[in-house]
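The next block holds one structure in the form of structure tokens; read it before the comments.
The values are calculated or read from the model by the stated rules, or taken from the named source; none is laboratory data. None of the values given here were measured: they were computed from a predicted structure. Note that each Cβ is placed from the backbone with ideal geometry, even for glycine, and that neighbours are counted across all protein chains shown.
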Amino acid sequence: MWFVFALGSAVFAAATSILAKIGIEGVNSNLATAIRTVVVLVMSWGMVFLTNTQGGIGGITKRSWLFLILSGLATGASWLCYYKALQIGEVSKVVPIDKLSVIITLILAFVFLHESFTSKSIVGMVLIAAGTLVMVL
């Protein structure tokens, strides 16, 4: 089931880039990010209440709160950078560079989570890097 959700994420992320590029025309990138964030906030809390999972808030540990907050700050910084890049650049160049996050994530997972590199993951990282270069040059 994780694959279905991951594929859905990729499809919606692709739609996000195209919709954002069209919607950001003539709009300050920070304002556009704030509008997007409000929509995501309403949608996320809507899902929490729709699935009746709001009762789990009390069980969240301080450590989880800390890392969820840090993750939110990283997401916000990512979105601000992404929208500014979309505003001044071409989607066909911004998106491949943004997807270098796959390589960065694998490296960070190795360093901080002690996940191992496999020959497949190394080859994949090289191919992603090469593909990015081909698309943006």
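Numerical summary
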item	result
When residues of segment 32-60 are limited to those that are over 24 Å from Thr105 (Cβ atoms) and of a type in the set (Ser, Thr, Tyr), the one surrounded by the fewest Cβ atoms within 10 Å (Cβ to Cβ)	Thr51
Selected residue (only one of Leu80, Leu106, Leu100 is closer than 18 Å to Leu19 by Cβ and surrounded by 13 or more Cβ atoms within 10 Å (Cβ to Cβ))	Leu80
Hey, Ile122 surrounded by 13 or more Cβ atoms within 10 Å (Cβ to Cβ) and among the β-branched types (Val, Ile, Thr) or not	no
Segment 15-40, residues that are without any contact (Cβ under 8 Å) to a residue 40 or more places away in the chain and either under 21 Å from Ile97 (Cβ atoms) or among the aromatic types (Phe, Trp, Tyr) (or both)	Ala15, Thr16, Leu19, Ile22, Gly23, Glu25
Helices (runs of 4 or more DSSP H) lying entirely in segment 41-137 (those with 3 or more residues that are touching a residue at least 40 places away in the same chain (Cβ under 8 Å))	62-88, 91-98
Segment 1-26, subset farther than 13 Å from Ala85 by Cα and not in a helix (DSSP H, G or I), residue modelled with the lowest pLDDT	Met1
Residues that are of a type outside the set (Phe, Trp, Tyr) and surrounded by 10 or more Cβ atoms within 10 Å (Cβ to Cβ), drawn from segment 61-72	Ser64, Leu66, Leu68, Ile69, Leu70, Ser71, Gly72
Condition met for Val95 (of a type in the set (A, V, I, L, M) and surrounded by 11 or more Cβ atoms within 10 Å (Cβ to Cβ))	yes
Which listed residue is assigned by TED's automatic domain parsing to the domain that holds Ala85 and in contact with a Phe, Trp or Tyr (Cβ under 6 Å, 6 or more places away or on another chain), from Ser29, Ser64, Ser9	Ser29
